[in-house]
1. Based on this model, can you work out whether residue 69 counts as under 23 Å from residue 107 (Cα atoms), free of Cβ contacts under 8 Å to residues at least 60 places away in the same chain and over 15 Å from the mean Cα position of the chain (by Cα)?
2. For residue 123, which of the numbered conditions (1) under 23 Å from residue 30 (Cα atoms); (2) at pLDDT below 95; (3) in contact with a strand residue (DSSP E or B) (Cβ under 8 Å, 6 or more places away or on another chain) fails to hold?
3. Do any residues in segment 89-103 that are assigned to a loop (DSSP other than H, G, I, E, B) have Cβ atoms under 8 Å from those of residues that are crowded, with 18+ Cβ neighbours inside 10 Å, where the two are at least six apart or on different chains, and which pairs are they?
4. I'm trying to understand the selection: among the residues of segment 12-26, which are within 14 Å of residue 123 (Cα to Cα) and either at pLDDT 90 or above or surrounded by 14 or more Cβ atoms within 10 Å (Cβ to Cβ) (or both)?
């Protein structure tokens, strides 16, 4: 087994939902680890099984948990973790928590277009939309914008 020096993106997903077009190939810029349970992710983070400051660049919750669980996860993250934490919701909005200038976390609301822009910019998806034609992810067409939630 060879050493993989790519930064890790942890993704929890609900197996009953269609998958995004995650780029988990060996040539992808990120190493994606797909988990079928939010509970496993939360346990790994809170029990320090995963060294978030060294290995993990971002955490994505892909329609696998509630907004309340997302906020609970944000509140128990180690202060040293500087990566993004993204909540993908079914429908037209998602959220990303990232580090602000002063070292505190900020929370942004993202539209479907913003989310697609984020995923493509970070090389997390292949560029083809793998969702059904009627889904929110398949309807992106406008210029992405981020809005701050205050």
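1. Here the answer is no, as residue 69 does not meet what is asked.
2. Condition not satisfied by residue 123: (3).
3. Going by the 8 Å Cβ cut-off, the qualifying pairs are 89/95; 90/136; 91/136; 92/111; 92/112; 92/136.
4. Applying the first criterion (within 14 Å of residue 123 (Cα to Cα)) to segment 12-26 yields 20-26.
Correct list: 20, 21, 22, 23, 24.
The values are calculated or read from the model by the stated rules, or taken from the named source; none is laboratory data. Everything quoted here is computed from the prediction, not taken from an experiment. Note that each Cβ is placed from the backbone with ideal geometry, even for glycine, and that neighbours are counted across all protein chains shown.
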